[in-house]
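Bear in mind that the values in this text are calculations on the coordinates, not laboratory data. Just so you know, these numbers come straight off a predicted model, no measurement behind them. With ideal geometry, Cβ positions are generated from the backbone for all residues, glycine too; neighbour counts draw on all protein chains shown.
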Amino acid sequence: MAERSFVQEVQKLRLGAGEEFVGEGILAVTKALLESGVSYVAGYQGAPISHLMDVLADAQDILQEHGIRFENSASEATAAATLAASVNYPLRGAVTFKATVGTNVASDALANLASGGVTGGALIVVGEDYGEGSSIMQERSHAFAMKSQIWLLDPRPNLPSMVKAVKMGFELSEASHTPVMLQLRIRACHVHGRFTASDNVRAPYALHEAMEQPRRDVSRIVLPPASFVHEQEKLTQRWPAAVAFIQKHQLNEFFDGDANDVGILVQGGNYNALVRVLERLGLADVYGRSRVPIYVMNVAYPVVDAEVLRFCQGKRAVLLVEEGQPNFVEQNVATVLRQAGCTTALHGKDLLPPAGEYTLHEVLKGVRAFAQRYDLLPATATAAVAPTAPPIPKTHKVFALKPLPEVVQPRPPGFCTGCPERPIFAAMKLVEKELGTHHVSADIGCHLFSILPPFHIGNTTMGYGLGTAGASAMNVPAGKKAISIMGDGGFWHNGLTSGIANAVFNRSDNLTIVVDNSYTSATGGQDVLSSKALNPARSTGHLIEKAVRGVGVQWVRTFKRTYDVAGLRDALKEALTSQQPGPKVLVAQSECMLNRQRREKPQVRAQLAAGQRVVRERFGVDSDTCTGDHSCIRISGCPSLSIQTNPDPLRTDPVATVLDSCVGCGMCGEVSHAAVLCPSFYKAQIVSHPSAWERWWDGLRSRLVGALQRRRAQRLAQWAF
Amino acid sequence: MAMDKHPQPIKIAILAMGGEGGGVLADWIVDLGEHAGHWAQTTSVPGVAQRTGATIYYVELFPKPEAGAAGPVPVLALMPLPGDVDIVLASELMEAGRAVQRGLVTADRTTLIASSHRVYSIHEKSAMGDGRVDAHQLRAHAENAAQRWVCFDMAALAEREGSVISAVLFGALAGVGVLPFSRAQFEATIERAGLGVQSSLRAFAQGFAMSQNPGPITPAAPPPPAATKPTPQNAVLRDCVDQVWDMLDAPARDLAIEGVRRMADYQDPAYARLYVDRLHSVHQVLPQDPQQVMAALARHLALWMSYEDTVRVADLKTRGSRFQRVRSEVGAQDVQLLRINEYMHPRFQEVCETLPAAVGRWLMASPTWRAWGERLFSRGRVVQTNALGGFLLLYMVSALKPWRRLSLRYQLENQRIEAWLALVRQWAASHPALALEIVLCQRLVKGYGDTHARGHHHHDQLLALVTQHGARVSADQLRALRMRPWPMTKAMPFAAPWLRKLGLEPGGRASHVHPQCAHRHAPLGARARGTPRHLHPPGCVCAGNANRFHAHLGVCGPCQPNTPSR
């Protein structure tokens, strides 16, 4: 059960010819897959292509109507290997994952696929998590395309262009027997737009036919001598075929302009940014009609030499707008120009930033520099360009202003309210107090937020599911054990073998904490093998503890309620002090609160509407016993545990307070118990529609209690003033 | 092809925190634009920022030519260009500041609409004392940067209408009238969305109304001094109030009167008497214009004298007024039942401190009893205070109030207080600034359990520093040491240069005799060098033959295996 439901969006997949599709970019791509007659789709979730996976997961019926097989792959490697179905058979297949992390994992399968080549169209849709908001290392998928010779499409970030890229991608793949990679930047994936749909196409050749009448061609298998033939074939046959196809169907676009002694080459994905910047500089209008000729490389790889030369013909200089580093395209274009003896000056990362996201601000600076150097801009025009630096604050009429950086603090992402992973790290903090700090090998997932305030736990993260592997070297007799964190997502992705089995085989004594929250939560809450949810299309409910024991771990504890901080602390202490040889695995189990709330809230609303008895729990802090030392916050960091101005006129420091967003997970109380913090926390249970007996008993009780309270209040009242 | 030939897109940036509904607002604006004959494009950068982090949603609207959808399609940007944004919507005040910092807000064109409420950053929340950023700074920056600045508490409105901030922001956006759409068009959008329509429309209306005249920026004024002298019924209290009234002026006077009130509430009029006498004892040795010191003293003496022992906690937890407060805090209606469960963790030591001094000390000194007791009180307990059992339990504990003066805790705290006051009096006359800092050291004593013990330890170390070196410690040095994060051992390397200046090499030569307990001390800072330090608090109760000071017990004694020394 994914974080977001796509029941509405799924209907858009049924749109027919001439109807208008309105929605998110990545959903348009999904529709385009159906219109291209794919036989199978596979992938591994992750921003920004999670929605593609989620919408297909919610569209099982439509997929069946069209005879399409949809696989939730175990990893990106699995997804990439799925494309093997297109090697021998005329089957169109698409796989999708996050780049570049997913591409890294998939690269082995991708290389083998690209070597043998394909018969049916093979499309790899990679979502680029690059630039602002990215959670991964900043690299380019371009390198993978080049090293394995996979054609790379980078369409303009509007829905018609992206849809065209999908359809053309399949044809290009078939025309050149080469897999094609479609690169979509994160903003393009989530852009809201529209395109005119066509009818969905059912594949003429079905998967079951391939299974029933298998074909094989040994020349497609990567083994000498075939592999050496493949290398030649790539250059002598597939490349020319691809170039011919690209030119014939004009996948790259030429936009003319009157200032034709200069020009700009731009990756399709950066086209909108370029046009906006030119418009700001007065060199284009809102519709993209530019005075400067533009060559849009919707195909980022291969570079079509003939087109580049044609564009640069008779130009003094061109600017290449290529995001990310190394500057592969710039080097390529430079070679093309040099070898053709073309004298056109080539600018690129000399005027634009050598690395980092090409924000409008950066592109503006680069293009402005280019335009000024080649006299496209009158001095006045530059002045007309809007300021690009924060305004210098005037001193305020009431008081002096501090510089903004002093008052605007960073707001890093963190664990959600009631997140079951928070208490795990709170417990680790408590253990730290007693046993000192340990080397902690972190993993990829929400749990990586532990490296941020307030926990500051975690030394390295080596990749998804590699938490335990990252501590492999820490395997010598020592006074302390190393701790590894691993999520259930990473565990099933590869951690079971790369981490746990490896630790067993190499006789490690370290501790691995497997955070089992029933979903791959960081990617949007998709199901995994150990999910508890009953998924009609998938097999769930396979316990992590069983798997771990299966590969030979002796010391395993499954902890069913992570909010029991004291219990977790003791379990951790036991694991870290245990003399028993072999790896220790602690499975910390509690459902992702985000998904749980999404599941339970509607139920509760319904129950309340039906007048059934409902108990809501939430926590609170007594402002008159809270002394404002905030130790509770330093060991929790829950968004709903905040501070407020101290109501006590004698105290100055703010007191802790629990916001109404509290979901009553119980962590606050458990922590104040385990850490012996303070008696200020209370848990309120609010009973809606109580039974008659309950009301009667409560009434009696509150009368007795009230009497005693009044008695004392009167005594105090005589001293009050 | 000059850019003025064509109308410009309307550029809107929404700064919000993940999971706050910024996406919903963006979708509303898109839907609004599309139904009003505009091209509309929005995009965002989800991913991890969605998990409560700061994130931006960006929207562009562009009027379709009269011909309708036919004709050229505009090329819209997927991210804001600094200095080129018409409207910025911020769901929280610091996010508004972030928008200014990112250059999205410019005086020539940007309308900045923000909620004035604060969602505190983790750095603000986790500070030991008050780490909050001055909201007026944020407001002032926004006001300076924006062409038009609309700011009011949208969270409160949203809560009142049972809706979300997005709806109020949407209303404010309609209210400022910078978009070429009518209120009816805005409201139709909400109805089309079809989720929680009624509450959203109410919140929308609130936002619309408030955007017409949001409140001005006014730095919070200090509360006005009490004009008339309060007159308690009780004679002793009346006498206390009179004395305070004659002795002090506002604001010290108001604080002292609050202190008197607190003492009566905490113990009894006699205790208030003691409070005022203690104030007086310092006041009379102070030079002219002692207000600053007295104000601080009135505050911190009152806080210290009303230390939170088990009796006090039980008392506060069982009050009817508190039950009412909880009811309103958690928003329970009258038809709903409310159960209040307290998370308490009384420790053996706290129990002992509640007992008569001799008994308590004997229990804590005896290893067998201690081991037994610590096992017994090792676990936290959940007590339902509005159930009979739980209530009576706490009610009876709070009934020990009349005997509080006999308790060990009372004795310990009073020894500390007296020693502290003695030090204040000692320097009040000659070095008022130093005296003030000594008073402020009480601020370090906070919280419960280990936090409290650490605070006390830090406090005791500072006072010991003054006791040993007197006025050679300047007020500034003491303040700097006070501001350091505890434990003190962390602050020591930092303090070392001054200690050296004071003729005190860390771990250096002269050890000396403690005034109260006649025990030989290694010099301060020795701990940092690994040599065992033995530091007694002023008024240390040990006979001088003990081998370790336990700040959390306030006594010296042989080390118990599980007794932290700090």
task = Apply the membrane-span-like helix rule to chain A: whole DSSP H runs, Cα extent along the own long axis of at least 20 Å, mean Kyte-Doolittle hydropathy at least 0.5. List the helices found.
result = A:101-116
ask   = Quick one: of the DSSP bridges fully inside the protein assembly as shown, what percent are antiparallel, nearest 5?
value = 45 percent
key: Near-label residues of the range A:33-55 by backbone N, under 16 Å of a point 7 Å along Cα→Cβ of residue A:202   = A:34-40
inquiry  = I'd like the antiparallel share, as a percent to the nearest 5, of DSSP beta bridges with both residues in the range A:253-381.
reply    = 25 percent
message = So, R0 is 35 Å and r is the distance between the beta-carbons of residue A:372 and residue A:143; what FRET efficiency does that work out to, to 0.05?
response = 0.60
inquiry  = Going Cα to Cα from residue A:234, which aspartates and glutamates come in below 15 Å? Please leave out same-chain ones fewer than 8 positions away.
reply    = A:174
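Please give the average number of partner chain Cβ atoms lying within 10 Å of the Cβ of each residue in A:356-365, rounded to a whole number. Intermediate values should be presented prior to the final figure.
Values: counts 0, 1, 1, 4, 8, 8, 0, 1, 4, 0.
Per residue, the average neighbour count from other chains is 3.
Give me A:36, A:539, A:141 sorted ascending by neighbouring Cβ count inside 10 Å, so fewest comes first.
Working: A:36 22, A:539 9, A:141 25.
Ordered from fewest to most neighbouring Cβ atoms within 10 Å, A:36, A:539, A:141 come out as A:539, A:36, A:141.
For an R0 of 60 angstrom, estimate the FRET efficiency from the Cβ-Cβ distance between residue A:714 and residue A:306 and round to the nearest 0.05. Spell out each step's value before the answer.
Values: r = 98 Å, r/R0 = 1.63.
In this case the efficiency is close to 0.05.
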ask   = When DSSP assigns beta bridges and you keep just the ones with both residues in chain A, what percent turn out antiparallel, to the nearest 5?
value = 30 percent
key: Distance from the range A:549-582 to the range B:253-278 (C-alpha centre basis), Å   = 53 Å
query = Which value in nm describes the separation of the simple spin-label points at residue B:277 and residue A:507, placed 7 Å from the Cα toward the beta carbon?
reply = 7.5 nm
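Using a 10 Å cut-off on Cβ to Cβ distances, tally the other chain neighbours for every residue of A:279-289 and report the average as a whole number.
On the way: counts 8, 5, 1, 4, 3, 3, 9, 13, 8, 4, 4.
That works out to 6 on average.
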query = Straight-line reach from residue A:402: which lysines have a Cα under 26 Å away, not including same-chain ones fewer than 8 places off?
reply = A:394, B:125
Separation of the residue A:577 and residue A:645 label points, Cα + 7 Å toward Cβ, nm = 4.8 nm
Cα→Cβ-extended label distance, 7 Å offset, between residue A:239 and residue B:476, nm = 7.2 nm
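Over 29 Å between Cα atoms, which of A:433/A:532; A:248/A:365; A:315/A:365; B:401/B:446; A:164/B:64 qualify? Don't jump to the answer; show the numbers that get you there.
Working: A:433/A:532 34 Å; A:248/A:365 35 Å; A:315/A:365 22 Å; B:401/B:446 22 Å; A:164/B:64 24 Å.
Beyond 29 Å between Cα atoms: A:433/A:532; A:248/A:365.
Ranking B:240, B:441 by Cβ neighbours within 10 Å, fewest first, what do you get? Kindly include the intermediate steps, with their values, before the conclusion.
Details: B:240 27, B:441 24.
The order, fewest Cβ neighbours first, is B:441, B:240.
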task = Evaluate the relative contact order of chain A (contact order divided by residue number), counting alpha-carbon pairs under 8 angstrom at least 6 apart; express in whole percent.
result = 10 percent
query = Between residue B:235 and residue B:374, what length in nm is gained on full extension when 0.36 nm per residue of separation is reduced by their alpha carbon distance?
reply = 45.6 nm
request  = Report, ordered by chain and residue number, the aspartates and glutamates lying within cross-link reach of residue B:11, taken as a straight Cα distance under 13 Å and ignoring same-chain residues fewer than 8 apart.
outcome  = B:60, B:84, B:86
note = Averaged over the residues of A:183-191, the number of partner chain Cβ atoms within 10 Å of each residue's own Cβ comes to 4
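Of A:12/A:601; A:12/A:167; A:31/A:147, which sit over 23 Å apart, Cα to Cα? All intermediate terms of the calculation are to be shown ahead of the outcome.
On the way: A:12/A:601 27 Å; A:12/A:167 18 Å; A:31/A:147 30 Å.
With Cα atoms farther than 23 Å apart: A:12/A:601; A:31/A:147.
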key: Ranked B:11, A:402, criterion: other C-beta atoms within 10 Å, fewest first   = A:402, B:11
key: Residue-averaged 222 nm ellipticity for chain A, from DSSP H runs of 4+ at -39500 (n - 2.57), nearest 500   = -10500 deg cm²/dmol
message = At R0 = 51 Å, how high is the FRET efficiency between residue A:400 and residue A:597 if r is their beta carbon distance? Nearest 0.05 is fine.
response = 0.70
